[in-house]
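The values are calculated or read from the model by the stated rules, or taken from the named source; none is laboratory data. Source: prediction; values computed, not measured. Glycine gets a Cβ as well: all are built from the backbone with ideal geometry, and neighbour counts include every protein chain shown. Calculation scope for accessible area: heavy atoms of the full protein, side chains included, ligands and nucleic acids excluded. Shrake-Rupley method; radii C 1.70, N 1.55, O 1.52, S 1.80 Å.
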Amino acid sequence: LAILLGPWAACIGVSVALVIQALIFGDGGVLAIGANCFNIAFIMPMIGYYTYRLIRGKADALSTRAMAAAFIAGYVGLNAAALVTAIEFGSQYHLFQAADGTPLYFPVPLKVTLAAMMSEHLILAGPVEGLVTALGTWFVAKNYPGIASGNFPGRVSIDGVGGSEHV
């Protein structure tokens, strides 16, 4: 979504999806909406989008370079979000303790959360996210070239990349 519509549109779209998941399906929980939106709807699209733009450069949307950029952007974006999540979880152990030293909110230290979150995301979820991102970007570039190039009516570009209107 960030590659095709820009990082801010992705922030809004993913945040809406996360709120619906939390309220309707109970996925993630209502109390975690803020953290989930920050990690998944802000960190991941921002890191992924700018990684993609940096690697793709001026290459064509269907080029091997663009597909590699999409794969790497999906991989890096997901792992950045996982890293921030692991830091949020693990820091609670060290920051919030009772008088006797027992953790109040999260019983696992930072080194464990980093190992648990990052091993799974670096080895399994990251490559899957990269593959899905590259395949999705390829599909849109192949079938809807106007969207993939960013030159479609109504697109507002804040960063100067793509779009027919500039703010």
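Considering each of GLY101, GLY34 in turn, give the residue that is over 30 Å from LEU5 (Cβ atoms) and loosely packed, with under 15 Cβ neighbours inside 10 Å.
Answer to the check: GLY101.
Restricting to region 79-94, name every residue that is out of contact with any strand residue (DSSP E or B) (no Cβ under 9 Å at 6 or more places or on another chain) and either open to solvent by 30 Å² or more (accessible area, probe 1.4 Å) or of a type in the set (D, E, K, R) (or both).
If the condition is that a residue be out of contact with any strand residue (DSSP E or B) (no Cβ under 9 Å at 6 or more places or on another chain) and either open to solvent by 30 Å² or more (accessible area, probe 1.4 Å) or of a type in the set (D, E, K, R) (or both), then LEU83, VAL84, ILE87, GLU88, PHE89, SER91 are the ones that fit.
What number of residues in region 1-31 are open to solvent by 80 Å² or more (accessible area, probe 1.4 Å), farther than 23 Å from ALA141 by Cβ and not in a helix (DSSP H, G or I)?
Here the count works out to 1.
Determine if region 61-72 includes at least one residue that is closer than 24 Å to GLY34 by Cα and charged (D, E, K, R).
No, that holds for no residue.
Evaluate the following for GLY48: is it of a type outside the set (Lys, Arg), in contact with a Lys or Arg (Cβ under 9 Å, 6 or more places away or on another chain) and under 20 Å from TYR144 (Cβ atoms)?
In short, no.
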